[in-house]
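Contents: one structure, followed by commentary.
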Amino acid sequence: MKKNNKESRRNFIKKGIAASSIFIVPRNVLGGPGYTSPSDQLNIAAIGSGGKGASDIRNASVKGRERVVALCDVDFSGSASSTVKKFPTAKRYADYRIMLDKEKNIDAVTISTPDHVHAPAGMYAMERGKHVYIQKPMAHNIREARMLTQMARKQKVVTQMGNQGGSNPYLNMVQDWIDSGKVGAISEVKIWTNRPVWPQGVMMPKPNPSLKPEALNWDLWLGPAKEKPYTPNMHPFSWRGWWDYGTGALGDVGCHLIDIPFRTLGLKYPTSAECSVGSVFSKMWNPDYIPEGCPPSSMITINFDATKKSNSPIQMTWSDGGIRPPHPEIIPPNNDIGGTNSENGVLMIGEKGIISTNINDSSPLMPKLYLNDGTTDFGPEVENFPEPEYGHQRKWVDACKAGFNSKEHLSLTSSFDYAGPMTETVLMGNLAIRSYMLREEKSRGRIDYYARKKLLWDGENMKITNLEAANQFVSREYRDGFGV
């Protein structure tokens, strides 16, 4: 009797469901495989929608899984036009301040502007509770990097810097070589790059408002920089070589290259820095003096205290302009050091051997271990990962949705808690370069380059302790409305 009652109940439920007009259906059935309910989507906006910004916002959308609600750019006629086509329903703005004040539904923003706008835009967004992804370097100067790091903690927002190689799984191979003691204590790190690959070390072009593209909002492009008439060849790329807007070769790839030893060796604030720069002579015995521009080449030495990963003080040397270190004896002479053609790379030199790696942007990391006893261990030279840029933007999006201090957030490779101090180290090199150019005119036309010395750095207090004049480069001045 009990069995018949159960069967009758089952039949009743089946018939009732079939007759009902209300169904409870899983979301993935309604929307197909991979469907995300609108209520579960992140509302994302882009500040800087062309160039690198195009791939940043595209990757952050995770193939349409998330909702791109707004795009900001000072010139939608250039490469940003492809982003408009990709996200045709997104609202468009020229001024990120207006966009963030008007579009209250924005949850997170990608910031992929020229370097001088990174911090003003990032601070404006975080002050309004937005999660932020900022292209490398996350700031234009050391003070800005520190303030962004502190603001992210204060506002409890999820952050990521756009040095996507930090999410490269093959970095774990380098980390294992260090942690297992295979190379012993590391005391030297040599880093080099073929940058700059844009005009640098030359006079800035003269302003010419008649050449300004009609679609470009030059005033908003200047942002925090001092007001000046339109200057050709700054937008969209060659701004990198001028201190008002860019951060030179270090700003372009320092966060990709310096990241490798900084991360794997557990480095903190440096203790000192000194540099020399390449000169250009347009006339005999008189080097060109262009303090507003980055030099054609430079060599910088930065020192660090011993760390838990390496119980020896570490000296890091950086060289750009195509200048690279000599080929180590234990690396076969026909082998590249660093990456292909030895154009960019990192050498970490230990008691027992050397680790060689390539630039870690979207290039293959190419990790190689050479030990003094002849032992070697090589990672792959061709990478094959299912996601673009190692899922760097997607992981940030997942962390935004999981929330501040979630396991997804804490697993990010370049949240500002890490990226801030690392960026400060990168920008420390630029502080040394700009100090190197300081000079005074003496009697009889003699020039005194009084700052060409080893600069001692108090990282906690962001201060050069032995040359006050160098501290002017820790920060900068801002136009009204764009301050940090």
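The values are calculated or read from the model by the stated rules, or taken from the named source; none is laboratory data. Since this is a predicted model, take the numbers as computed values, not measurements. Glycine also receives a Cβ, built like all others from the backbone with ideal geometry; neighbour counts cover every protein chain displayed.
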Restrict the check to region 187-207 and report whether at least one residue is within 24 Å of SER411 (Cα to Cα), assigned by TED's automatic domain parsing to the domain that holds LEU371 and in contact (Cβ under 8 Å) with a residue 12 or more places away in the chain. no
Which one of LYS407, LYS401, LYS395 is free of Cβ contacts under 8 Å to residues at least 12 places away in the same chain and not assigned by TED's automatic domain parsing to the domain that holds HIS256? LYS407
Looking at TYR245, TYR230, TYR289, TYR269, which is the one that is assigned to a loop (DSSP other than H, G, I, E, B), touching a residue at least 12 places away in the same chain (Cβ under 8 Å) and surrounded by 21 or more Cβ atoms within 10 Å (Cβ to Cβ)? TYR245
Top-ranked residue of region 180-218 - restricted to ones that are of a type in the set (Gly, Ala, Ser) and surrounded by fewer than 18 Cβ atoms within 10 Å (Cβ to Cβ), ranked as nearest to the chain's Cα centre (by Cα): SER187
Any idea which of (1) part of a helix (DSSP H, G or I); (2) more than 25 Å from the chain's Cα centre (by Cα); (3) at pLDDT 95 or above is the one LYS395 doesn't satisfy? (2)
Quick test of your reading of the structure: ILE300 fulfils all but one of (1) out of contact with any helix residue (DSSP H, G or I) (no Cβ under 9 Å at 6 or more places or on another chain); (2) under 14 Å from THR193 (Cα atoms). Name the failing condition by number. (1)
With GLY483, GLY403, GLY391 as the choices, which residue is surrounded by 18 or more Cβ atoms within 10 Å (Cβ to Cβ) and touching a helix residue (DSSP H, G or I) at 6+ places or on another chain (Cβ under 8 Å)? GLY391
Taking region 70-99, which residues are surrounded by fewer than 17 Cβ atoms within 10 Å (Cβ to Cβ) and assigned to a strand (DSSP E or B)? LYS91, ARG92
Which residues, taken from region 455-475, are within 28 Å of HIS118 (Cβ to Cβ) and out of contact with any helix residue (DSSP H, G or I) (no Cβ under 8 Å at 6 or more places or on another chain)? LEU456, ASP458, GLU460, ASN461, THR465, GLU468, ASN471, GLN472
Cβ-Cβ under 6 Å, sequence separation 6+ or interchain: first residue in region 431-445 and under 27 Å from ALA249 (Cβ atoms), partner of a type in the set (S, T, N, Q) and modelled with pLDDT of 95 or more. Which pairs? ILE433/SER298
Among all residue pairs at least 6 apart or on different chains, which show Cβ distances below 7 Å where the first residue, located in region 59-71, is closer than 9 Å to LEU42 by Cβ and the second is among the aromatic types (Phe, Trp, Tyr) and part of a strand (DSSP E or B)? ALA60/TYR133
Identify, by number, the condition in (1) charged (D, E, K, R); (2) in contact with a helix residue (DSSP H, G or I) (Cβ under 6 Å, 6 or more places away or on another chain); (3) under 23 Å from LYS130 (Cα atoms) that ARG452 doesn't meet. (3)
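For every residue, the table says whether it meets (1) at pLDDT 95 or above; (2) in contact with a Gly (Cβ under 6 Å, 6 or more places away or on another chain); (3) closer than 17 Å to ARG452 by Cα.
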| position | (1), (2), (3) |
| --- | --- |
| VAL253 | yes, no, no |
| ARG263 | yes, no, no |
| CYS275 | yes, no, yes |
| TRP285 | no, no, no |
| PHE304 | yes, no, no |
Considering only region 413-432, how many residues are within 16 Å of GLN164 (Cβ to Cβ) and either surrounded by fewer than 24 Cβ atoms within 10 Å (Cβ to Cβ) or among the basic types (Lys, Arg) (or both)? 3
Take ILE359 and tell me if it is within 30 Å of GLU460 (Cα to Cα) and in the same structural domain as ARG195 (by TED's automatic domain parsing). yes
Quick one: which of THR465, THR413, THR425 is in contact with a Pro (Cβ under 7 Å, 6 or more places away or on another chain) and of a type outside the set (A, V, I, L, M)? THR425
Counting only strands (runs of 3 or more DSSP E) wholly inside region 315-380, the ones holding at least 2 residues that are in contact (Cβ under 8 Å) with a residue 24 or more places away in the chain and buried (at least 18 other Cβ atoms within 10 Å of the Cβ) are 345-350, 353-357, 368-371
Residue satisfying condition, being farther than 26 Å from THR425 by Cβ, crowded, with 18+ Cβ neighbours inside 10 Å and of a type in the set (Phe, Trp, Tyr), within set TRP221, TRP177: TRP221
